[in-house]
Each structure stands twice: as C-alpha cells, then as structure tokens.
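The values are calculated or read from the model by the stated rules, or taken from the named source; none is laboratory data. This one's a predicted model, so the numbers in the text were calculated from it and none came from an experiment. Heads up, the Cβs are rebuilt from the backbone with ideal geometry, glycines too, and the neighbour counts pull from every protein chain shown. Each accessible area value is taken on the protein alone, full model and side chains, heavy atoms only, with ligands, DNA and RNA left out. Shrake-Rupley method; radii C 1.70, N 1.55, O 1.52, S 1.80 Å.
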Amino acid sequence: DGNSGWRCPACQNASTQVPKTYTCFCGKVHNPEWNRNEIPHSCGELCGKKRQCVDCPHLCNILCHPGPCPSCPAFVTKTCECRQTSHSVRCGQSTKIRCSNVCGNTLNCGKHSCTQVCHAGKCSPCQLTVQQVCYCGSNFKEVFCGTKEEFSDGFGNFSCQNICGKKLNCGRHNCTQVCHPQPCQLCPRLPQVVYRCPCGQTPLSKLLELGCVERKICTDPIPSCGKTCGKPLSCGSYEFVHTCESLCHEGDCRPCSHTSNIYCRCGFKKKEVPCALLRNKAAITFMCDKRCNKKRSCGRHKCNEVCCVDTEHKCSLVCGRKLNCGLHRCEEPCHRGSCQTCWQTSFDELTCYCGESVIYPPVPCGTQPPECKKTCTRPHDCDHPVYHSCHSEEKCPPCTYLTQKWCMGKHELRSNIPCHLTDISCGLRCNQMLKCGMHKCKRICHKGECLIDEECKQPCVIPRLYCNHPCMAPCHPSSPCPNTSCSAKVDLQCECGRRKESMICSEASNTYQRIAAISIATKLTDLQLGDSVEISRLITKKEMKQARLQCDEECLALQRNRRLAEALEIDDNSDPFNVRSSGPKYSDLLKEDARKDLKFVSDIEKEMRMLVEAVNKGKHTKKSHCYPPMNRDHRRIIHELAQVYGIESVSYDNEPKRNVVITAVKGKSICPSNTLTSVLDKEMQSRPPPPIPHYKQTDKSSGNSGLSKPLKEEPVIDYFDVQD
C-alpha cells in the first residue's frame, strides 16, 4: 500500500519490521522442518493465537496455518443493548444484539426515562423543557430539562447579570452585587464590619479616643479623620497616579481637576483631556490619521487601514488571478501561493479536430483536446502533401516541402527552398537603378523599393571641369555640381622621378598656381628695363598640364652620376659611388616633421623594428600592430615610415578616433641600416656653426662709445611665398 515494511511471501502477512528469525506461522517453533504431510512453514500443532475479536476469550483451535485466524465457532449468551433480554450467538459474531423493547434507562436530568427502542451507546439528553429562575428571582427562561442543574443554589439556576437588590441582614440596605447565588453578603456599614474612617487612614478606635460618637447601627455616619482622602482615581497613568484631593468623606470621590493623556487605538498618537471628562478611559477613544503599511495575509496588498489595531491583517479582496485553465479567475479571498485548480467541469464530449479521438465527460475545465495520430485534415494554402498529424491549434505548422523560388530582387532562381519561406535573399548586391538615374542600389538583395522616403546619397561621379576627378558630392541629379575643392589623392613626382609624394588634388593645384606665379614674377623683371613681354609665352604648355615637385640636390647628384656612368660606360647594376647602399632615403617633409617631435618618431621606429624582427624570426608570415587614435600629422609620419620599412599601413575609423594599423610581411619588410633619428643626428653634427654677427666700431668723436648695431642687409624676395 506504499507503506514501509515487509510482506511474507508465504502467508502474505505484512509487518512493519523485517523479521530476523525464521518461525512457523504461529510463532512457536523456530526453523520448522519441512513435512510433506503438513502445510509448508507449519509446525503441525494447534495455533493457540488470540483471535482478532476483542470480546472473544477463546484461542485458535486449528492447526498452525497461514493468514489470520478464522472467527470463533463457540456459542455464548449475550445481552441486548438495553440489557433487558439475552440471546445465544456465536462468539465471533460482530453484530450488536437489539431487542424491540423500549430502553427505559434514566436520562441525564435524573427525573425522566428514555423512550427510544433498544439502541447502542448513551441515551440522548432529555428533550423536555422546564422554566428556570435566576438567583435574584427577577428573570425566567425556558431550557431543556437537566441543563445547568449543577449551578443551582436551591432557589435559582443562573445569573441574570442585574443588581441583586435583595434586603441585607441589617434590613435597611439592599444588596449591590450582580445577581449571585444565595446568600447575600453582610451589610458593609455594620459597626462590626467598619473599623476605619471612610478614607481608611485612621482606625475608629483612635477617633473614639478623640471624642467621636460610637456607632450603634449601620445607618450611623462613619466618623471622618479630617485628612485628605488620597484614594487613587481611575484617571492618570502608571507613572503619575491621580488621587482624591477632598477631605476624608463617604461615597464616591469628586471628579479630578487634572488632565490625562489618552492614546489612539493603535497607540501612535496621544491627546491630553481633562480628567473630569474621563470617567471611563475605554469610552473616550480617538483615531489618528496614520495608515498601516504592513502587508496583508496574502502578501500582495498593503493594509492601508487608518489607525489599524488588527494583528492578522486578513485580506478582504478577491484573488482574481487566472486559474490553470486560463479561462476563469480565482474567486477565493486573496491568498498566498498558487490558486486551486479550476472546479468547473464540462459534460460535453471533447474531440480532436477530425473527431477520431474523444474524451468523454466529465471533462475538467482547461483540458486540452486529445492527441490524434491521423493526418491533419484542415484546409492548407498550398497543394503539397501534408505530413503533420491532426492538431488542436488553429494555425497549421509551416509547409516544409522543398521548392524553387526567385529571390526578392529577381537575380536568380533558388532551389531547395521550403514552401513557407517567401522573402528570400540571394546575398548579391541589388544593382537596380535608383531614381536619380546615375547610381545603382548597393544594398544586399532586399524586399520592396530601394529608396522609399529617402534620396540618393551616393557620391556624384560626374568628372570635374579642370582635374577630371569625380565630383564626390552627395547625389544631385537636378542641380549642377557644387564648386568645392577636390579631395582626391594625386601622386606628384619630380622631373627625374626620384621624389614622389601623395597630395590632395586641390593642394596640388595650389602648388601649381604658386609655381606659375613665381615663373611669371621672374620673367616680368624684363619689364623693368622697358622691354615688351608676351604674356601667353610666360607659362609653357608643359607647366600648365601638370604640377611637379622640384628636384633637390640628391636628384642633381644622381643625374650627374648617371651622366658620368654613361660617359665611362659603367653598368647600371654596379654601384661604384655607393649610392644604393647609402641607406634609405627620407623625404625632406618627413625630416622636418621628425625634428618637431623626435621622441614620437623614435618610438614609432622602435615599434616597427621590433615588429619586423618578430615576423622574420617567427613562424607566422604576417604580424600586425595597432596604434592608438592620433591626429593627421602623426598618421602621415607612420605611413611614410612604413613605406621605408616595407610595411603595409591602413587607417581605420572616423575622426577623432581614427587610428593606423601596420602589418609586417615576412620576406618583404626590412629594417633599414640607418634610422631616421640617426640620420638627423648625423646632419646635426655635420652642420656648420651659425656665423657670428660683425659689429662696426664707431668714432670716439661722435660721442657714442661701444659696439654699434649690425649692418642692415637688403631684403631677399622669396618667390615661393607668393600667395594666390
């Protein structure tokens, strides 16, 4: 039955503990021997166990047997329930014997007898009604006979809670106690009872010595001692008890002239009131405006009761949470924990959609439709075969039959596409012509129009008038290209092709205009002599077509060496003048920037040399290093140094977080023999010291002694500083 214990495999009797010894069924013989003429596990003797019947005194008289002992077959004489008749029945009979006579036993009142037919158990209480009187004799009530007989005093049976009012033994005063059993107390004013003055401070014997008249009867006045009464009044508090301030007197004390503090129901606030109004503290109460912040018994709502005195804080709201069925709400008072299961039940059959599976009533509320193994028979959007089973959901699972469908941009026909998929992207670029008529959509294959509420913002590709570079302004199909400076990169080189620099197109144009202005300025010197000059021949067509860098001293030296090598018929592959092995060539602009921030250049070169050495010695073919964000000038220095070291350099991110990442490649990146910092040091050492200015000594006769100011030189015109 799920309980712990042990069940015998032979007799099937269950015991709470596993037995440790092997005995026969009756338990008399340990380890009984097997006998083919007897029951297995039996000793072959009389059982002798006590039967399960409580009243049976006979022992089991059959041989040792499995299972419980049978009922006792002996006949005994038993009386009926009312004990008026007797019958001969089997000892093991469990049914009670009842006769057809009236019981007649005395009831609980002790006056009447039971009128029921022979029955089991005690007789019912007496149902006759009698009239009882209170102890003082002023009130009556009807009750069942025998009710509260033990409280009777011979005259009355209960207290009516009124004043007794009976005459006391003195014959002059009435009893002032609440209705009580007889007899009444003695008169409290008898001379034999009163021994002290009304305030209780002075004995009457001392007052008699002072000349007071001795009392004879209860109506004689009690002598007063003349002291302050001092009896404690009902007002005041535990710390400060108010007492009567009148002189010793009989009867009730006068109202108190002080004030007392009374508290609200919850005890949060107190109020001071005159004691004269405070006859009964319980009668004068007030409520504060404090709201209770404690949680109610449900644990969800706050009490919010004003001047709350509740201790349990039971929640009176309705729970209202949804039950497990999801259709009905809990109607119980707000409570903790989970709500009970929905008690509503349906008496209609619950079937699946096709009607093959049925749950017969009663069906608890919230029961899901039964599972069905049949194929779904609902109407479907496509004509493909159905592979899912009958279901209770309104919407069928998506169709997974593989089909061929065009992508959203109609670029290609895709195969093995599930039927339920509608928007398919091929992953290619859209390439549809935009509304501007100049650009194509660069988005990945998408749904709908390319640009709905937006305008094309791709850069304009119309070539500029002067440089033929694209406009690069945001697309403007209905307006001419704006007159802005060109930001395209152009490569400039000198005449010999040794010097190469990358510049912005607009800056290169400004350089060309500056060179043209210098050329004009040098050729216009002839005008000072009065000669005529043709302006159209001042600038050659070659100068107008392109802007070039000027060759420096190294370029002139290389050209001179080349001419000398041609004259001496020396092979170009040889290096007699140690030109190629003289180390890397750093541009003048890079040297000028390095002189401004030598520490930065030194750190960059150190990092590049470490990167090149690491990639040449390591297993990897490439290694990269990311520099922190920096300004444009520092990034340009890194790019130029990377070209010298044979390192790839790329800039990432937008300003102001634009940074440079360099990548060294094994076999391509090299460490130059002379670093930029060492080259700058050698140039500083080989540079001659600055000339000392000469001063002219003046004549003493002139009145001025000492050194005179240096001679003022003629200004030299710098034609490269000519502005537009």
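Looking only at the range 7-33, count how many residues are at pLDDT 85 or above and hydrophobic (A, V, I, L, M, F, W, C).
Of the residues in that region, 4 qualify.
State which residue pairs qualify: first residue over 13 Å from Ser669 (Cα atoms) and part of a loop (DSSP other than H, G, I, E, B) and inside the range 619-633, second residue open to solvent by 80 Å² or more (accessible area, probe 1.4 Å) and at pLDDT 85 or above in any location, beta carbons under 6 Å apart, and separation of 6 or more residues or different chains.
Listed pairs, sorted by first residue: Pro629/Lys657.
Quick one: which of Thr351, Thr341, Thr367 is surrounded by 15 or more Cβ atoms within 10 Å (Cβ to Cβ) and among the polar types (S, T, N, Q)?
Answer to the selection: Thr351.
Out of curiosity, is Gly299 modelled with pLDDT under 90, within 35 Å of the chain's Cα centre (by Cα) and open to solvent by less than 50 Å² (accessible area, probe 1.4 Å)?
yes
Output the residues belonging to the range 202-251 that are over 60 Å from the mean Cα position of the chain (by Cα) and of a type in the set (D, E, K, R).
Lys206, Glu209, Glu214, Arg215, Lys216, Asp220, Lys227, Lys231, Glu245, Glu250
Residue by residue through the range 636-679, note down the ones that are aromatic (Phe, Trp, Tyr) and in a strand (DSSP E or B).
Across the range 636-679, the qualifying residue is only Tyr652.
Which one is nearest to the chain's Cα centre (by Cα), of the residues in the range 40-52 that are of a type outside the set (Asp, Glu) and surrounded by fewer than 16 Cβ atoms within 10 Å (Cβ to Cβ)?
The qualifying residue nearest to the chain's Cα centre (by Cα) is Gln52.
Return only the number of the condition from (1) part of a loop (DSSP other than H, G, I, E, B); (2) modelled with pLDDT of 90 or more; (3) more than 44 Å from the chain's Cα centre (by Cα) that His420 does not satisfy.
It fails just one condition, (3).
Looking at (1) closer than 30 Å to Glu683 by Cα; (2) surrounded by 13 or more Cβ atoms within 10 Å (Cβ to Cβ); (3) at pLDDT below 70; (4) among the basic types (Lys, Arg), find the lone condition where Lys591 falls short.
With (1) closer than 30 Å to Glu683 by Cα; (2) surrounded by 13 or more Cβ atoms within 10 Å (Cβ to Cβ); (3) at pLDDT below 70; (4) among the basic types (Lys, Arg) applied to Lys591, the lone miss is (3).
Quick one: would you say Ser485 is polar (S, T, N, Q), in a loop (DSSP other than H, G, I, E, B) and either closer than 27 Å to Ser587 by Cα or modelled with pLDDT of 85 or more (or both)?
Yes, satisfied.
Considering the range 71-84 alone, what residues qualify as being in a loop (DSSP other than H, G, I, E, B), of a type outside the set (Asp, Glu) and either surrounded by 14 or more Cβ atoms within 10 Å (Cβ to Cβ) or touching a residue at least 24 places away in the same chain (Cβ under 8 Å) (or both)?
Ser71, Cys72, Cys80, Cys82, Gln84
Starting from residues that are of a type in the set (D, E, K, R) and either part of a strand (DSSP E or B) or free of Cβ contacts under 8 Å to residues at least 24 places away in the same chain (or both), keep the ones in the range 93-146 and report whichever is most open to solvent (accessible area, probe 1.4 Å).
Restricting to residues being of a type in the set (D, E, K, R) and either part of a strand (DSSP E or B) or free of Cβ contacts under 8 Å to residues at least 24 places away in the same chain (or both), the top hit is Lys122.
For the range 211-268, which strands (runs of 3 or more DSSP E) that fit wholly inside it have 3 or more residues that are within 25 Å of Val309 (Cβ to Cβ)?
The qualifying strands (runs of 3 or more DSSP E) are 232-236, 259-263.
Please determine, by comparing only the residues of the range 203-240 that are at pLDDT 85 or above and at positive phi, which one is surrounded by the most Cβ atoms within 10 Å (Cβ to Cβ).
Only one residue tops the list, namely Gly230.
Given the criterion farther than 30 Å from Cys376 by Cα, touching a strand residue (DSSP E or B) at 6+ places or on another chain (Cβ under 6 Å) and in contact (Cβ under 8 Å) with a residue 12 or more places away in the chain, identify the matching residue among Lys435, Lys457, Lys447.
Exactly one of Lys435, Lys457, Lys447 is farther than 30 Å from Cys376 by Cα, touching a strand residue (DSSP E or B) at 6+ places or on another chain (Cβ under 6 Å) and in contact (Cβ under 8 Å) with a residue 12 or more places away in the chain, namely Lys457.
Every residue in the range 372-424 that is closer than 18 Å to Ile444 by Cβ, out of contact with any strand residue (DSSP E or B) (no Cβ under 6 Å at 6 or more places or on another chain), open to solvent by 30 Å² or more (accessible area, probe 1.4 Å) and not basic (Lys, Arg), please.
The answer is Met408, His411, Glu412, Leu421, Thr422, Asp423.
Considering only the range 13-35, state which residues are open to solvent by 100 Å² or more (accessible area, probe 1.4 Å) and either hydrophobic (A, V, I, L, M, F, W, C) or assigned to a loop (DSSP other than H, G, I, E, B) (or both).
Thr16, Gln17, Lys20, Lys28, Asn31, Glu33, Trp34
Any residue in the range 367-393 that is without any contact (Cβ under 8 Å) to a residue 60 or more places away in the chain sitting within a Cβ distance under 6 Å of a residue that is of a type in the set (Phe, Trp, Tyr) and assigned to a loop (DSSP other than H, G, I, E, B)? List the pairs, counting only those 6 or more apart or interchain.
Hits for this filter: His384/Tyr401; Cys390/Tyr353.
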